[in-house]
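Asker: Encoded as structure tokens, here's the structure I'll be asking about.
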Amino acid sequence: MRELCVEDCERCPELVDSRSRIVDGVGPPDADLLFVGEAPGENEDESGEPFVGRSGTVLDDALRDAGLDRSDVRITNCVRCRPPDNRDPTSEELANCRGYLETEIDRVDPDVIVTLGKVPSQHLLGRDVAVTSEAGDLSDVTIEGKPRRVLVSVHPAATLYDRSQRDTFEETIARAAGFLDDDGGQSRLGEF
Ligand code: SF4
């Protein structure tokens, strides 16, 4: 969907210098699950796709274990350009890119938004979030005047060196998939 693609944006001068390209969301424009990460990293900046590389593999594996495929869900980021040295996006950069994310949420209209890590969780919930202890919690929020359900998750990268985080992550993704079952949402792998 072209209207979900951002072209020629230069609102964040440091990110314009550090990016190779703008990394838009991928996946069905009407997906029932929308995953939101923080920002593109090196692999994402090179490939132009969110959550590739090792973190992407962790996400793909958890989706598969939950009966979903990456192509079933939409994946995007709070900011669409890679920050220098993989630093966190600043509050100004998050604000600059917020409109694009809100437009994506509005057009995709997902049943559940899954926030991957602290930055997107705090960005969409509008408060401090202790991600490890709140992972798997569902919150009702209002985004652009519409009610949305946000499911907090640890970042897949956090699972690479901590098995307990992997379990937490997989349980959260399984819970997200369960909402689709509850809602009679999109088909799951193996059922057709
Ligand atoms: S991060 Fe978003 S707002 Fe900032 S330059 Fe990139 S597309 Fe524009």
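Just so it is clear, none of the values below were taken in a lab; they were calculated from the coordinates. Computed from a prediction, not measured in an experiment: that's the story for all the values here. Heads up, the Cβs are rebuilt from the backbone with ideal geometry, glycines too, and the neighbour counts pull from every protein chain shown.
Asker: Can you list residue pairs whose Cβ atoms sit under 9 Å apart, with the first residue in segment 44-55 being of a type in the set (K, R) and the second being surrounded by fewer than 16 Cβ atoms within 10 Å (Cβ to Cβ) and not in a helix (DSSP H, G or I)? Count only pairs 6 or more apart in sequence or on different chains.
Answerer: As it stands, the answer is R54/L160, since those pairs meet every condition given.
Asker: Let me ask something additional. Would you confirm, using the coordinates I've provided, whether V16 is within 12 Å of the ligand (Cβ to nearest atom), part of a helix (DSSP H, G or I) and of a type in the set (A, V, I, L, M, F, W, C)?
Answerer: So V16 fits the description; yes.
Asker: Of these, V36, V73, V79, which one is under 14 Å from the mean Cα position of the chain (by Cα), crowded, with 22+ Cβ neighbours inside 10 Å and either within 13 Å of the ligand (Cβ to nearest atom) or of a type in the set (F, W, Y) (or both)?
Answerer: Matching residue, one of V36, V73, V79: V79.
Asker: Which residues, counting only those in segment 136-167, are under 17 Å from the mean Cα position of the chain (by Cα), part of a loop (DSSP other than H, G, I, E, B) and within 22 Å of V79 (Cα to Cα)?
Answerer: V154, H155, listed by residue number.
Asker: List the pairs whose first member sits in segment 76-94 and is within 18 Å of F35 (Cα to Cα), whose second member is within 12 Å of the ligand (Cβ to nearest atom) and basic (K, R), and whose Cβ atoms are under 7 Å apart, counting only residues at least 6 apart or on separate chains?
Answerer: Listed pairs, sorted by first residue: C81/R19; R82/R19.
Asker: Return the residue satisfying two criteria in turn: it lies in segment 135-181 and is acidic (D, E), surrounded by 14 or more Cβ atoms within 10 Å (Cβ to Cβ) and in contact (Cβ under 8 Å) with a residue 24 or more places away in the chain, and of such residues it is farthest from D61 (Cα to Cα).
Answerer: Going through the qualifying residues, I end up with E171.
Asker: Within segment 17-36, can one find any residue that is touching an Asp or Glu at 6+ places or on another chain (Cβ under 6 Å) and of a type in the set (V, I, T)?
Answerer: Yes: segment 17-36 contains one or more residues that are touching an Asp or Glu at 6+ places or on another chain (Cβ under 6 Å) and of a type in the set (V, I, T).
Asker: In segment 19-39, how many residues are in a loop (DSSP other than H, G, I, E, B) and closer than 13 Å to R107 by Cβ?
Answerer: Here the count works out to 7.
Asker: Additional query: When the residues of segment 19-33 are filtered to those that are of a type in the set (D, E, K, R) and away from the ligand (no atom under 16 Å from the Cβ), which remaining residue is nearest to the chain's Cα centre (by Cα)?
Answerer: Looking at the filtered set, the residue picked out is D32.
Asker: Next up: Of all residues in segment 86-121 being of a type in the set (G, A, S) and within 12 Å of the ligand (Cβ to nearest atom), which is surrounded by the fewest Cβ atoms within 10 Å (Cβ to Cβ)?
Answerer: If we take residues in segment 86-121 being of a type in the set (G, A, S) and within 12 Å of the ligand (Cβ to nearest atom), then G99 is surrounded by the fewest Cβ atoms within 10 Å (Cβ to Cβ).
Asker: Of the residues E3, E7, which single one is within 16 Å of the ligand (Cβ to nearest atom), surrounded by fewer than 16 Cβ atoms within 10 Å (Cβ to Cβ) and assigned to a loop (DSSP other than H, G, I, E, B)?
Answerer: Residue meeting the stated conditions: E7.
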